[in-house]
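Quick notes on the structure that follows.
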Amino acid sequence: MAPIGQLTPPTARIDALARARQRAALLPDCLAEARRVANTVIAGWHGRRKRGIGETFWQFRPYVDGESPSAIDWRRSARDDHLYVRDREWEAAHTIWLWTDQSPSMLYKSGAAMVAKESRALVLMLALAEILSRSGERVGCPGVMEPVASRNAAERLALALAHAPLQTALPDLGQVGRMSDVVLISDFLDAAETLQSCIGPAGRRGIRGHLIEISDPAEETFPYSGRTEFRDPETGQKLVAGRAEAVAVDYRRAWLARREALAQGVRKLGWSHLAHRTDRPASEALVLAHGHLTGIPVAGKAGT
């Protein structure tokens, strides 16, 4: 975006329009892929698998002293010498806000990646919307779509994204209510101060947050050698390395240090962080993200 008081050059407006159209054209394929991934991952899952109020039967479990006798299922208990309680699933609707980065750096795709970072981020966002909406959750996107409790939330979100203005800045989380969840999907290459100014106030207000860091394998492994030109997709600034392999070790060390600093900053707020590479299946990140959202973490890390 241009600074306040300055006009956006015509070429910049044309580029922004072309970028928005490109993203809109990408969404139908991403939605189809998201549903495929969601259907694969959701097999065997039902709801939030969390004991609580509701009408849906979950499981029988042994009666514990101190519980109300009215909770005992006498028919099941009559089968043997133990008392059993009929548990029901938690069916209270919860609000979860999903957001994906639209900045130019997300367009990057190396030869080792399956898809560009933007495509993977959109698939994960829409797949989460699909799974969460099936569980009865309310799904929204900051600045794009108000939360809805609908079985077709993923489709509605894709449509809203296709018609929304292109936003390259981190979202405004001021509208997010306390006790909600926020899922931010990005490469998180912004300055640490920029990210903290976004998520810090939200974390202190009691909002639970989850960061899914998307990276291309080349961004982590730095497989370059010889004379190589690097260009910043945000600013257009160029850097030429005469022998790229000479800086590979320092680069990888700096990359890992940046990620660790990001993860530590997130953990201080009580938020979760997972890293996912675009040479790995989207289902890996989806399983881990769903685990964090439901409070049932899955062992392992995605793409690291």
* **Residues located in the stretch 260-285, provided they are without any contact (Cβ under 8 Å) to a residue 40 or more places away in the chain and among the hydrophobic types (A, V, I, L, M, F, W, C)** => Ala263
* **Single match in Ala121, Ala113 (criterion: over 15 Å from Leu31 (Cα atoms) and either of a type in the set (A, V, I, L, M, F, W, C) or in contact with a Leu (Cβ under 9 Å, 6 or more places away or on another chain) (or both))** => Ala113
* Taking interchain pairs and intrachain pairs at least six residues apart, which have beta carbon atoms under 6 angstrom, with the first residue in the stretch 100-117 and touching a residue at least 40 places away in the same chain (Cβ under 8 Å) and of a type in the set (Lys, Arg) and the second part of a helix (DSSP H, G or I) and buried (at least 19 other Cβ atoms within 10 Å of the Cβ)? -> Lys117/Met106
* Could you tell me whether Val183 is in contact (Cβ under 8 Å) with a residue 60 or more places away in the chain, buried (at least 21 other Cβ atoms within 10 Å of the Cβ), in the same structural domain as Met106 (by TED's automatic domain parsing) and of a type in the set (Val, Ile, Thr)? => yes
* To do: Please find, within the stretch 199-231, the residue that is nearest to the chain's Cα centre (by Cα) out of those that are β-branched (Val, Ile, Thr) and more than 21 Å from Leu293 (Cβ to Cβ).
  => Thr221
* Structure fact -> In the stretch 124-171, anything touching a residue at least 40 places away in the same chain (Cβ under 8 Å) and either in a strand (DSSP E or B) or polar (S, T, N, Q) (or both) is listed as Ser135, Arg138, Val139, Gly140, Cys141, Pro147, Gln167, Thr168
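In this structure, is Leu98 at pLDDT 85 or above and within 20 Å of Met145 (Cα to Cα)?
Working: at pLDDT 85 or above: yes; within 20 Å of Met145 (Cα to Cα): yes.
Yes.
Return the only residue of Ala254, Ala241 being hydrophobic (A, V, I, L, M, F, W, C) and over 26 Å from Arg120 (Cβ atoms).
Answer to the selection: Ala241.
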* the stretch 186-196, residues that are exposed (fewer than 13 other Cβ atoms within 10 Å of the Cβ) and assigned to a loop (DSSP other than H, G, I, E, B) -> Ala191
* Does at least one position in the stretch 209-227 carry a residue that is out of contact with any His (no Cβ under 8 Å at 6 or more places or on another chain), closer than 25 Å to Asp172 by Cα and crowded, with 16+ Cβ neighbours inside 10 Å? -> yes
* Can you pull out the residues in the stretch 275-291 that are assigned to a helix (DSSP H, G or I) and of a type in the set (D, E, K, R)? -> Glu284
* Breaking point among (1) under 30 Å from Leu293 (Cβ atoms); (2) in contact with a Phe, Trp or Tyr (Cβ under 9 Å, 6 or more places away or on another chain); (3) crowded, with 18+ Cβ neighbours inside 10 Å, for Ala275 -> (2)
* Asked: What is the one condition in (1) in contact (Cβ under 8 Å) with a residue 24 or more places away in the chain; (2) closer than 30 Å to Ala129 by Cβ that Leu288 does not satisfy?
  -> (1)
* Restricting attention to strands (runs of 3 or more DSSP E) lying wholly within the stretch 197-246, give those where 2 or more residues are free of Cβ contacts under 8 Å to residues at least 40 places away in the same chain. => 228-231, 238-241
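The values are calculated or read from the model by the stated rules, or taken from the named source; none is laboratory data. Just so we're clear, the structure is a prediction, and the values are computed from it rather than from any experiment. A quick note on method: Cβ atoms are made from the backbone with ideal geometry, for glycine too, and the neighbour counts reach across all protein chains shown.
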